[in-house]
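See structure below.
The values are calculated or read from the model by the stated rules, or taken from the named source; none is laboratory data. The structure presented is a predicted model; accordingly, all values stated were derived computationally and were not measured. A quick note on method: Cβ atoms are made from the backbone with ideal geometry, for glycine too, and the neighbour counts reach across all protein chains shown. All accessible areas refer to the heavy atoms of the entire protein, side chains included, with ligands and DNA or RNA removed. Shrake-Rupley method; radii C 1.70, N 1.55, O 1.52, S 1.80 Å.
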Amino acid sequence: MADPDFEEFDHERHVQSAIDLARAAADRGDRPFGSVLVRDDEQIAAASNRVVTEDDLRRHPELDLALAAERSYTPEERARTVMYTSTEPCPMCAGGLRSVGLGRIVYSVGGDEIHEFTGGEPTVRSGAILDGVTDVTGPVCHEAGLAVHEAFDW
């Protein structure tokens, strides 16, 4: 099977799905993060942050989907898969994603911006951690992604 042309995917639609999941996470009391996995321009899995409601610091949507992808898909299938995420993966998630080998990650809000909301310090960008493994691109639907963080009570 030929390699997918990720540029043909509907990036805005998929990022908006991730943003909707982030909004739903915030509405239930979690932090505003959401992600979806897409293959052949169709969503195959979705997750939202559950760190607070599950009392588990590992319940970032990117890690949940990384685990699901590792368990459910072959390396070839994962290489044909894109993760769309409301916010660029944090260093913990990017480290977890290194072994999964997704074809691309597309985000709305950059990791270099999130510290402005959380009050934390800037961290290592996911592109540096995933260099040579997975392409990381963004921002896409940037204003919509920022709006979710602006509305959240950080």
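Taking 0.36 nm per residue of sequence separation and removing the Cα-Cα distance, the His142/Val52 pair yields an extension gain of 29.9 nm. Other residues with beta-carbon under 14 Å from the beta-carbon of Leu21 carry, at +1 per Lys or Arg and -1 per Asp or Glu, a net charge of +1. Among residues other than Leu63 with Cβ under 11 Å from its Cβ, the summed charge is -1 (Lys and Arg +1, Asp and Glu -1). Label positions at Leu67 and Asp27, each projected 7 Å from the Cα along the C-beta direction, are separated by 2.5 nm.
Sorting the segments 111-119, 23-31, 63-71, 86-94 by their mean number of nearby beta carbons within 10 angstrom, highest to lowest, gives 86-94, 63-71, 23-31, 111-119.
Counting only protein heavy atoms and a 1.4 Å probe, the chain has 49 square angstrom of accessible area per residue. Return the carbon/sulfur percentage of the accessible area of the chain, one whole number, probe 1.4 Å, all protein chains in place. Ligands and nucleic acids excluded, carbon and sulfur give 48 percent.
When DSSP beta bridges are limited to those with both residues in segment 19-149, what percentage is antiparallel, rounded to the nearest 5? Numbers along the way, then the final one.
Details: 11 of 19 bridges.
Counting DSSP beta bridges with both partners in segment 19-149, the antiparallel share is about 60 percent.
Each stretch of four or more DSSP H residues adds -39500 (n - 2.57); spread over every residue of the chain, this sum gives -12000 deg cm²/dmol at 222 nm.
With a Förster radius of 25 Å, plug the Cβ-Cβ distance of Asp5 and Glu150 into 1/(1 + (r/R0)^6) and report the FRET value to the nearest 0.05. About 0.15, to the nearest 0.05. Shown is the FRET efficiency for Glu12 and Asp135, computed with R0 = 25 Å from the Cβ-Cβ distance and rounded to the nearest 0.05: 0.90.
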